[in-house]
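Before any comments, here is the structure.
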Amino acid sequence: MNRIYSKPPRLPVITQSQPLYFVTFCIMYRRRLLANADAHEAFCQYAQAGLEHGAGVGRYVLMPQHIHLFIRVSGETTLGRWVGGLKRAMGRVLESNGGLVWQPGFFDHLLRHDESYAEKWAYVRDNPVRKNLVTKWEDWPYLGEIVMIDRA
């Protein structure tokens, strides 16, 4: 029998001391709430504050309906706790539309040593181009890098 999860399952144990994750999470009902200056500012403020708690956001892209980011976590925080806090912080800005803002859970992929952060970033940063939002990824105003994560 196949199990249906309301949230994606998490790995029970991570052996890396500072794992690097590729994370995606989405707006409920595919509403287009994220591609604006207020949402971007709320995201950046929360990501900056996370540095004090062992969460370093590298590169990221806010699309109209979802967020892609790369994050390294260590110390007192966990990935789930950090994403939950981000959803709450951004939800305050986004809830002017009322109702539930985020889909439950999030997708994460633990980058292994032989996977290229640069290659994954090249794919992610081109999302606005593939969705015909801009002609060059450099023109999309809702992407950036909070801290440099040196990963080949």
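The values are calculated or read from the model by the stated rules, or taken from the named source; none is laboratory data. The structure presented is a predicted model; accordingly, all values stated were derived computationally and were not measured. As a convention, Cβ positions derive from the backbone with ideal geometry for all residues, glycine included, and neighbour counts pool all protein chains shown.
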Test ASN132 against the stated conditions and say whether it is out of contact with any Ser or Thr (no Cβ under 6 Å at 6 or more places or on another chain), in contact (Cβ under 8 Å) with a residue 40 or more places away in the chain, surrounded by fewer than 19 Cβ atoms within 10 Å (Cβ to Cβ) and polar (S, T, N, Q).
no
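Among the residues of the stretch 120-139, is any part of a loop (DSSP other than H, G, I, E, B), of a type outside the set (Val, Ile, Thr) and touching a His at 6+ places or on another chain (Cβ under 7 Å)? Break it down into steps so the answer makes sense when it comes.
We begin by selecting, within the stretch 120-139, every residue part of a loop (DSSP other than H, G, I, E, B); these are 126, 131-136.
Retained after the next criterion (residues that are of a type outside the set (Val, Ile, Thr)): 126, 131-133, 136.
Then drop every residue that is not touching a His at 6+ places or on another chain (Cβ under 7 Å), which leaves none.
No, there is no match, as no residue in the stretch 120-139 is part of a loop (DSSP other than H, G, I, E, B), of a type outside the set (Val, Ile, Thr) and touching a His at 6+ places or on another chain (Cβ under 7 Å).
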Is it the case that TRP137 is under 15 Å from LEU34 (Cα atoms) and either in contact (Cβ under 8 Å) with a residue 12 or more places away in the chain or not aromatic (Phe, Trp, Tyr) (or both)?
no
Would you pick out the residues in the stretch 76-90 that are surrounded by 14 or more Cβ atoms within 10 Å (Cβ to Cβ), farther than 18 Å from LEU143 by Cα and either of a type in the set (Val, Ile, Thr) or free of Cβ contacts under 8 Å to residues at least 40 places away in the same chain (or both)?
THR77, THR78, TRP82, GLY84, GLY85
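Hey, among VAL61, VAL93, VAL73, which residue is among the β-branched types (Val, Ile, Thr), within 20 Å of ASP150 (Cβ to Cβ) and at pLDDT below 95?
Working: VAL61 fails: at pLDDT below 95; VAL93 fails: within 20 Å of ASP150 (Cβ to Cβ).
After ruling out the rest, the residue left standing is VAL73.
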Residue within the stretch 77-100 that is of a type in the set (S, T, N, Q) and within 20 Å of ALA35 (Cα to Cα) present
yes
Could you tell me whether the stretch 52-75 includes any residue that is more than 18 Å from TYR142 (Cα to Cα), in contact (Cβ under 8 Å) with a residue 40 or more places away in the chain and part of a helix (DSSP H, G or I)?
no
Subset of the stretch 22-58 [modelled with pLDDT of 95 or more and among the hydroxyl-bearing types (Ser, Thr, Tyr)]:
THR24, TYR46
